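Asker: Below you will find the structure I want to go over with you.
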Amino acid sequence: MFFTANTTLLDTTKLYLCVMISKFIFTKILRWKLVGAYPKDLKKFIVIGAPHTSWKDFHIGVLSRNMSGTKINFIAKKSLFKPPFGFIFKALGGAPINRNASSNKVDAIVALFKEKESFRLALSPEGTREKVTKWKTGFYYIAKKAQVPIVMLTFDFGQKQVKLSEPFYTTVSMENDFNVFYNYYKDVKGANPELFNNKEIM
C-alpha cells in the first residue's frame, strides 16, 4: 500500500502503520539505519542493490522501502500473476513481463517503463547470491534505453546500514559509469563478504 492520487483515508492509515512498523523493526529491533532517501520527485528510476549475498537482503530491502512509503517494483514472469495468487505479487509491487521469441528481457522491461506513468524498478546487478566474476549489464542497458537514472543501494552488514545514492544518469562511457558503481560499492561488507567480488565488476 503506497500513496497514489486515489489514496483514501483508510489507505493512508494502513500506509502509516506499515511505515511505522517497518521503521520500528528496522531501527529498533535490527538496529539498522537508512542513509539517504529514495528520490521523491522522480516517477521512474532503477534501484540496484548490492552486495546480494544472502536471503536477508530481501527483508532488509523491503523494510527500507516500506519505511520510506515509496513504491518499488520488481519484475517476474507473467505466469506468476495468474489466479489464485497473482494479486499478491501485484500488491507487493510486482510487474509481469511478456517474453516471447521476438523480444528479449531488456526490451520487455524498457516497454514497461514507457507504458507506465510511474515505475521504480529494483534489480540485483549480480543476478544471484553466489559469487560472480562480473556484474550482469542488463540493468545498465535498461537505464540507457528507457532514459531513466540509476539509484545505488547498499546492503552494508558491516555498518548495519542501507545507503542510497543520488540518481545517477548514464553517460557515453560504460567503463567510466561502471567505475562509479565500483567506487560506491567497493568497501561495502555484505552478509557473506566472501561472496562479493569487490575487486572487479565489469
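Here, each number is a calculation from the coordinates, and none is a lab measurement. Model, not experiment: these values are computed from the prediction. Quick reminder, even Gly has a Cβ in these numbers, built from the backbone with ideal geometry, and neighbours come from all protein chains shown.
Asker: Give the whole-number value, in cubic angstrom per residue, of the convex hull volume spanned by the C-alpha atoms of the chain.
Answerer: Output value, Cα hull per residue: 134 Å³.
Asker: Over the chain, what is the percentage of antiparallel beta bridges among all DSSP beta bridges, to the nearest 5?
Answerer: In the chain, approximately 20 percent of DSSP beta bridges are antiparallel ones.
Asker: In addition: When only C-alpha pairs under 8 Å and at least 6 residues apart count, what is the relative contact order of the chain, in percent?
Answerer: Over the chain, the number comes to 28 percent.
Asker: Calculate the spin-label point distance for Glu117 paired with Asp41, positioning each point 7 Å from the Cα along the beta-carbon direction, and give it in nanometres.
Answerer: Spacing of the two 7 Å Cα→Cβ label points: 2.1 nm.
Asker: Work out the length of the dipole vector of the chain about its Cα centre, built from +1 on the beta-carbon of each Lys and Arg and -1 on the beta-carbon of each Asp and Glu, and round it to the nearest 20 debye.
Answerer: Magnitude of the dipole: close to 480 debye.
Asker: While we're looking at this one, here's another question. Would you mind ranking Leu112, Leu92, Leu123 by Cβ crowding within 10 Å, fewest neighbours first?
Answerer: Ascending Cβ contact count within 10 Å gives the list Leu92, Leu112, Leu123.
Asker: Let me check I've understood the local charge: for Gly138, count other residues with C-beta under 12 angstrom from its C-beta, Lys and Arg +1, Asp and Glu -1. What total comes out?
Answerer: Every neighbour counted, the sum reads +2.
Asker: Residue farthest toward the positive end of the dipole of the chain, with Cβ of Lys/Arg at +1 and Asp/Glu at -1: which of Leu15, Ser54, Ser68?
Answerer: Working it through, the farthest residue towards the positive pole turns out to be Leu15.
Asker: If you filter segment 171-202 for trypsin sites (Lys or Arg not before Pro), then keep DSSP loop positions with at most 14 other Cβ within 10 Å, what is left?
Answerer: The qualifying sites are Lys186, Lys199.
Asker: Select from Val106, Val162, Val172 the residue whose mean-square fluctuation is largest in a Gaussian network model of the chain (Cα-Cα springs shorter than 10 Å).
Answerer: Judging by the Gaussian network model, the answer is Val172.
Asker: If you don't mind, there's one more thing I want to ask. Using θ = phi - 60° and the Karplus relation 6.51 cos²θ - 1.76 cosθ + 1.60, list the HN-Hα couplings for segment 73-88 in order, rounded to whole Hz, with x at every Gly or Pro.
Answerer: 9, 9, 10, 8, 5, 4, 5, 6, 9, 7, x, x, 10, x, 5, 5
Asker: Highest mean first, what order results for 149-161, 132-144 on Cβ atoms within 10 Å?
Answerer: Taking the mean over residues of other Cβ atoms within 10 Å, the ranking is 149-161, 132-144.
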